[in-house]
Structure formats: structure tokens, C-alpha cells
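Note sheet for the following structure.
The values are calculated or read from the model by the stated rules, or taken from the named source; none is laboratory data. Please read all numbers here as calculations on a predicted model, not as lab measurements. Every residue, glycine among them, receives a Cβ derived from its backbone with ideal geometry; neighbour counts consider all protein chains shown. For the accessible areas, the whole protein counts, side chains as well, though only heavy atoms, and no ligand, DNA or RNA atoms are used. Shrake-Rupley method; radii C 1.70, N 1.55, O 1.52, S 1.80 Å.
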Amino acid sequence: MQLRFLGGAGEIGRSAILVDDSLLLDFGMASGNPPQYPVDQPTPDAVVVSHGHLDHVGTIPALLSGDARPPVHWTPPTAELTQVLGRDTLKLNGGTYDCPFTEAELKRLTEVSWTHAYGVPFEAAGYEVTFFNAGHIPGSAHVLVDDGDTRLLYSGDFHTENQRLLAGSRDRPDADVVITEATYADTHRDPRPEIEKRFAESLKTTIWEGGTVVVPAFGIGRTQEIMCVCAAHDIDCYVDGMGTRVTDIFRRYPSFLRDPDELKRASGHARFVTGRDGQRKRIAKQNTVIITTSGMLHGGPAMTYVPEIRDHPVNKIAFTGYQVEGTPGHQALEHGRAEIDGRVMPISAQTEQYDFSAHADADALREFLDSYRDTPVLVNHGDDCAGFAAELREEGFEAAAPELGSTVEV
């Protein structure tokens, strides 16, 4: 096999790997100003998608421009999530050079979409492909590609620890070469129950003291996980932003959830926000928890809630994931101020951060790779892929970190 790394090599974002100039694995975008896209736009015979996050699916509609109609293979949740993200991209950037596709191309996705369950092989561009649960978000998949001679395992993004929403990934299919993500290769995370306990106690303390808690959370996966945490600890909460639509999608696919009843209970426990008639400003004055996008305060309903609660030290902003340097979330955590809607605002409210990441940490990555000690490993999707590959070589692995735009024979 010949692998060309069009995105995600030595970086997080715009994941895209082309196999033999024929089969495309993911085609994402890196959010930013301006957004970044894969370094080339191929014309594949078929596309296989690991999961429905922007950095893995964000540019897929662009593949359907002109007469191109490659079939796109994914799980049912991923197919629906891509539509949500595509509409959001059009809303933010449609009709500008920052958007590589149009409404027409997004609609064409339904014409070429082929959905598959875990563990059921299917044909794509002449390869046998099988999805396995990756434990990252509902519908996320390890992708096994078999050309009859070589079995390539593309991890996508994955997690091995149980979450409330999902069971950890346990599938370890036989492979001749493995492409692994490395997002948290330098992180050692506390067990999820310990993180959850500290988070719940913090929220309850703020509410007891009369404050309001804004919980910035990514709309796909993280919002629903935090909803389940709040329900399990009997914490009243509102839910706003993209997460409201995504919750409905997840509930339509119970077989992709660890415990569908838990999400159902969490949905009944939460109050979903429409945003009509000044509703958000009224909610911000309540003694409650508000789970809302965006996770790094880039935009979304958080742009209303944070200015409303920022000036009182009894209030709290509880971040649930990593804050990229330079984002408003990072500014708030590190400097006590943040640029919100073009205005730098001092933040007197408490700021805290909890690592609810759905990525494998350093220990979990090694647990996963222990099944492939005699298998060549290519490190992808991380800030220091070369460093992690070097560590793996010291531990006896045959490991390398391809460069962006490079081609690797396996």
C-alpha cells in the first residue's frame, strides 16, 4: 500500500490519508481564522470516514464538486453529524473563500452515503473495510482496510476507558501496519470517576453558594457526557447550542451508546434552551448550571452567558476539555480575561478545567499498541508525533511519524 498524508501529520486537525490514490480516509478541516484544509484535494474512488468531528469530516462535501460522486462510507451517527457540521460551516463561512463547499454539495452527500455497523465488512474502492468501535464519540470507528495482501488499521481518534456515554474501545483486529493517533501522548490522566467526582462537587458548591456555572462543552460527545454526569449527581442543568441537536441524533442510534437509558434519563433531567425572547440572559441570572457551546469560547451561546456571569466571583466557568493557546478559553484560564465578540473582558468569575477528553492518554495509547508490538506503527494526529514515535522506538516498536504531504510505502 502507498499512503499519502494530506493532513493530520504532525498536527491536530484536517485529518486526511489517501491510500493508493484510490481510497480516502477522512477529509477534515482545522478550525481557525482562517480555517485550514488538507494540502491537496484528490479525486478518490471512495471515501471512508472514522467519525463525525470537524477535523475528520469538515471538508468532505468539497469532494462532491463538479461531476465527482465518490461513495462515502461511515456509521449512521457519523453521516448525520457531518450534515450538522456542514450546515454550521455554511452558516459561519458560506459564500466566502473560507468555505470550500456549497449547500448543493452538502446536499449531495445523502446521494452517495453508505452506512455500516461495527464488525460487518464492506467493499470500498476494491478494498475490504471493517469498522470497529473506537470509544471516542457515538459512531466513531477504528478502520481496518484489507487489500488482500496488507491489512491497514487506521485508529481515527479513540478512547479505551469507559465513559457514561460510551464503552471504551476493546477491539484489536489483526493488522500488518497501524496508524495511531497521538493527541494526548504526553498526558497521564486521572481515572474518569475521580475527575467526575471533583467536577460534580465543584458545581454543587457553586450552586450552594448562590452562583451560576457556565460549562463550555463541545457539542458532539462532550455536551451529552456532561449531561449524563449532571443527571447522575442530581445537578439541575440547562443545555444550549449545537449539543441540543446532537443529543437528538444520538438518541436515534441506541446501539452506538453504552447505555441508551442513561442518555434518555439525562435528556429528561436537562432543560433545553431555544434562545428566544431573551431566554439566555434570564437563565444566566439563575442559580444553575448551563452546558453550552462553544467548548473554547470561540462563539455560540457562550458569547451571551459568559459576559452575563463574568463579573461576580461566586460564579464559575468550568471548562471540560483542552483549551488551545490563544483561544478565549485559554485566555480566561491563564490570564483572567478573554476576548468575547471582539471585546477583551476581565473575568472575576472562578475558572476551572477538568479533563473529560475522549482521547486515549499516554497509558491508554500504550495499552492499545501493546497488541501491535510486532507491527509497524505510524504516528499521526498529535502536536509531537515525532517525539511519540521516538519514545515508541525506545520501547522496541518499529515506529515513524510521517511528515505532512509525504508518501509512505507499507
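Only strands (runs of 3 or more DSSP E) wholly contained in the range 74-184 count here; list those with 1 or more residues that are buried (at least 21 other Cβ atoms within 10 Å of the Cβ).
Filter on the range 74-184 gives 122-124, 127-133, 141-146, 151-154, 177-181.
Table: residues versus (1) crowded, with 22+ Cβ neighbours inside 10 Å; (2) of a type in the set (Phe, Trp, Tyr); (3) in contact with a Lys or Arg (Cβ under 9 Å, 6 or more places away or on another chain).
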position	(1), (2), (3)
MET1	no, no, no
LEU6	yes, no, yes
LEU25	yes, no, no
ASN33	no, no, no
PRO42	no, no, yes
SER50	yes, no, no
THR59	yes, no, yes
ALA62	no, no, no
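Do we have ARG69 as surrounded by 20 or more Cβ atoms within 10 Å (Cβ to Cβ), at pLDDT 95 or above and charged (D, E, K, R) here?
Against the criterion (surrounded by 20 or more Cβ atoms within 10 Å (Cβ to Cβ), at pLDDT 95 or above and charged (D, E, K, R)), ARG69 does not qualify.
Given (1) touching an Asp or Glu at 6+ places or on another chain (Cβ under 8 Å); (2) basic (Lys, Arg); (3) surrounded by 17 or more Cβ atoms within 10 Å (Cβ to Cβ), where does ARG310 come up short, assuming only one miss?
(1)
Can you tell me which condition THR75 does not meet? The list is (1) farther than 27 Å from LEU3 by Cα; (2) touching a helix residue (DSSP H, G or I) at 6+ places or on another chain (Cβ under 8 Å), and all the others hold.
Unmet condition: (1).
Could you count how many residues in the range 244-254 are outside any loop (DSSP other than H, G, I, E, B), out of contact with any strand residue (DSSP E or B) (no Cβ under 8 Å at 6 or more places or on another chain) and open to solvent by less than 100 Å² (accessible area, probe 1.4 Å)?
Going through the range 244-254 one residue at a time, the tally reaches 5.
Test each condition in (1) of a type outside the set (Gly, Ala, Ser); (2) open to solvent by 10 Å² or more (accessible area, probe 1.4 Å); (3) over 18 Å from the mean Cα position of the chain (by Cα) for ARG258 and report the one that comes out false.
Unmet for ARG258, out of (1) of a type outside the set (Gly, Ala, Ser); (2) open to solvent by 10 Å² or more (accessible area, probe 1.4 Å); (3) over 18 Å from the mean Cα position of the chain (by Cα): (3).
So if I check each of TYR154, TYR238, TYR184, which one is of a type in the set (Phe, Trp, Tyr) and without any contact (Cβ under 8 Å) to a residue 60 or more places away in the chain?
On inspection, the qualifying residue turns out to be TYR238.
For the range 355-363, check the following and say yes or no: at least one residue is open to solvent by 10 Å² or more (accessible area, probe 1.4 Å) and over 30 Å from ASP176 (Cβ atoms).
Taking every residue of the range 355-363 in turn, at least one turns out to be open to solvent by 10 Å² or more (accessible area, probe 1.4 Å) and over 30 Å from ASP176 (Cβ atoms).
Checking SER50 against (1) touching a Pro at 6+ places or on another chain (Cβ under 9 Å); (2) hydroxyl-bearing (Ser, Thr, Tyr); (3) more than 15 Å from GLN83 (Cβ to Cβ), only one condition comes out false. Which one?
Result: SER50 passes all but (1).
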